[in-house]
Amino acid sequence: MFDPQIFLEESVKKLREQVKGRAIIACSGGVDSTVAAVIVSKAIGRDLLAVFVDTGLMRKNEAKNVEKLFSSLGLNYRIVDASKEFLTALKGVVDPERKRKIIGAKFIEIFERIAKEFNAEYLVQGTIAPDWIESGGGLRDTIKSHHNVGGLPEKMNLKLVEPLRDLYKDEVRKLAKFLGIPVHERQPFPGPGLAIRIIGEVTEEKLRIVREANAIVEEEVEKHYDFESRPWQYFAVLLPVKTVGVHGDKRVYGYTVAIRMVESLDGMTAAYFKVDYSLLDRISTRITTEIKEVNRVVYDITNKPPGTIEWE
Ligand code: XMP
């Protein structure tokens, strides 16, 4: 039986022997990286810096919520607003794989800069057992080069610290509860963020539109279904086509938003979610009234395969 208190005491003791200098962690606010950060900070205090890189490609209020969380946990943290840098790097880029590579490289560049400034010698990661047991490179890796901050250590000259390496997800959740870290049962969200939910070039305007549309989808789905009956993933995609519509008695020419909701176990295969029409109604009405640039909403009825879950 996993006992969080015993695990914590033993980990802190081991970490104090292992970590003899400053350490840094890239923390997304997700359960694994946050639990890892809190455990290491219990061992070495302010010699650990938790870094959240705000790529500007996050969901609505994400950076703000992460800041609140870090501060409530008493972590030594830094929120780096790099949104301008990411937007500049993505200017003119249309190809999805190039977007992923640019975002991954930029992330590493920024994180390395901060690690140097902090004189970090150790890199903490929230790796859990399934991450390395399953990292044989499955089918999905050959289809899309999934950007994940897991790719950090090879490029950096830091000693790796992985306090959760032997734990499974349910044990990490128990630990989180024990440490007072709220465990939100949130749906998966891709590392490259909203950049791959804007088909074509990423611009500030399009980011604002897809972020709003996505927030509406999340809010309405979470109101309509309880956790058990919710789709596995649900989000909005902004398409690069404009179509004709009518607002009042005026002709408008606006964007189309696609809604994607899928059922899946692990993302490898997926079935489109057989959604209630009343929910689609509310989502469609809210998106087209609250986001003036959008005048058409469509629902994706493709399974995976042949479609992937994300559109890019
Ligand atoms: P696809 O689109 O390949 O997605 O059917 C399967 C699952 O992976 C997520 N996804 C990503 N996650 N970096 C990530 O960290 C990525 O580049 C990426 N692309 C897709 C997707 O949201 C789904 O859960």
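The values are calculated or read from the model by the stated rules, or taken from the named source; none is laboratory data. Every value quoted in this text rests on a predicted model; they were computed, and no experiment measured them. Neighbour counts run over all protein chains shown; Cβ positions are idealised from the backbone, glycine included. To get the accessible areas, we keep the full protein, side chains included, count just its heavy atoms, and leave off ligands, DNA and RNA. Shrake-Rupley method; radii C 1.70, N 1.55, O 1.52, S 1.80 Å.
Hey, what do the phi angles of region 123-130 turn into as Karplus ³J(HN,Hα) couplings, whole Hz, using 6.51/-1.76/1.60 and θ = phi - 60°, x for Gly and Pro?
10, 9, 10, x, 4, 10, 3, x
Need the full-extension length gain, D249 to K60, defined as separation in residues times 0.36 nm minus the C-alpha distance. One decimal, nm.
64.8 nm
Express in whole angstrom the spacing between the alpha-carbon centres of region 13-64 and region 209-281.
Here the two parts' Cα centres lie 33 Å apart.
Please compute the contact order of the chain in relative form: average sequence separation of alpha-carbon pairs under 8 Å and at least six residues apart, divided by the residue count, as a percent.
About 16 percent, as a whole number.
Run the numbers for T308 and R46: contour at 0.36 nm per residue of separation, minus the present Cα-Cα distance, in nm.
90.1 nm
Which Rg and Dmax, in Å, describe the Cα atoms of region 227-284?
15.0, 47
Of all DSSP beta bridges located in the chain, what percent are antiparallel, nearest 5?
Antiparallel bridges: around 40 percent, rounded to the nearest 5.
Once both labels are modelled 7 Å past Cα along the beta-carbon direction, what's the E185-T285 spacing in nm?
Roughly 2.8 nm, to one decimal.
So what is the diffusion coefficient of region 1-138 in µm² per second by Stokes-Einstein at 37 °C and 0.692 mPa s, using a Kirkwood Rh over Cα pairs?
For the chosen part, D equals 200 µm²/s.
Between the DSSP loop rule and a limit of at most 16 other Cβ atoms within 10 Å, which chymotrypsin sites (Phe, Trp or Tyr not before Pro) in region 1-74 are left?
The qualifying sites are F2.
For region 5-136, what's the relative contact order in percent, using C-alpha pairs closer than 8 Å and at least 6 residues apart?
32
E9 to I133: FRET efficiency via 1/(1 + (r/R0)^6), r the Cβ-Cβ distance, R0 22 Å, to the nearest 0.05?
0.30
Sort M156, M268, M1, M261 from largest to smallest accessible area, using a 1.4 Å probe on the heavy atoms of the protein chains.
Sorted descending by solvent-accessible area, the residues read M1, M268, M156, M261.
Let me know the shape class of region 4-46, please: from the alpha-carbon gyration tensor, a ≥ b ≥ c as square roots of the eigenvalues, rounded when a/c is under 1.5, otherwise prolate if a/b is greater than b/c, or oblate.
oblate
To the nearest 10 square angstrom, how much accessible area does W232 have with a 1.4 angstrom probe?
80
Of the accessible area of the chain, with the probe set at 1.4 angstrom, what percent is carbon plus sulfur?
That fraction is 52 percent.
Taking amide H positions as placed 1.01 Å from N in the peptide plane, with prolines and chain starts having none, which residues 5 or more places from V294, or on another chain, fall under 5 Å of its amide H?
Correct list: Y255.
To the nearest µm²/s, what D does Stokes-Einstein give for the chain at 25 °C and 0.890 mPa s, using the Kirkwood radius over alpha carbon pairs as Rh? Intermediate results must be reported in sequence, preceding the final value.
Numbers: Rh = 20.9 Å.
The Stokes-Einstein estimate is 117 µm²/s.
Set the Förster distance to 30 Å, then compute FRET efficiency between A215 and E117 from the Cβ-Cβ distance, nearest 0.05. Intermediate results must be reported in sequence, preceding the final value.
Values: r = 33 Å, r/R0 = 1.12.
Efficiency at R0 = 30 Å is approximately 0.35.
Let me know the shape class of region 185-294, please: from the alpha-carbon gyration tensor, a ≥ b ≥ c as square roots of the eigenvalues, rounded when a/c is under 1.5, otherwise prolate if a/b is greater than b/c, or oblate.
oblate
Just the Cα atoms of region 243-312: what Rg and Dmax do they give in Å?
Cα-based Rg and Dmax for region 243-312 come out at 14.4, 47 Å.
Between T88 and R22, what is the label-to-label distance in nm when each label sits 7 Å out along the Cα-to-Cβ direction?
2.5
Tell me, what ³J(HN,Hα) does each residue in region 6-17 have, in order and in whole Hz, if you take phi through Karplus 6.51 cos²θ - 1.76 cosθ + 1.60 with θ = phi - 60° and put x for Gly and Pro?
Listing the rounded values in order: 5, 4, 4, 4, 5, 5, 4, 4, 4, 5, 5, 6 Hz.
Under the 0.36 nm per residue contour assumption, what length would be gained going from the current alpha-carbon distance of I301 and N76 to full extension?
Stretched fully, the I301-N76 segment lengthens by 76.5 nm.
Would you kindly calculate the mean projected area, averaged across all directions, of the convex hull enclosing the Cα atoms of region 69-131, in square nanometres? If you can, show how the numbers build up before the last one.
Values: hull surface 25.6 nm².
Its average projected convex-hull area is 6.4 nm².
Report, by chain and number, residues whose modeled amide H sits under 5 Å from the one on V202, excluding near sequence neighbours (fewer than 5 apart, same chain).
G92, V93
Could you give me the ³J(HN,Hα) list for region 264-278, computed from phi with Karplus coefficients 6.51, -1.76, 1.60 and θ = phi - 60°, whole Hz, x at Gly and Pro?
3J(HN,Hα) across region 264-278, in whole Hz: 6, 9, 9, x, 6, 10, 7, 10, 5, 7, 7, 7, 6, 4, 4.
Could you provide, to the nearest whole Å², the per residue accessible area of the chain with probe 1.4 Å?
Numbers: 15960 Å² over 312 residues.
Counting only protein heavy atoms, the per-residue value for the chain is 51 Å².
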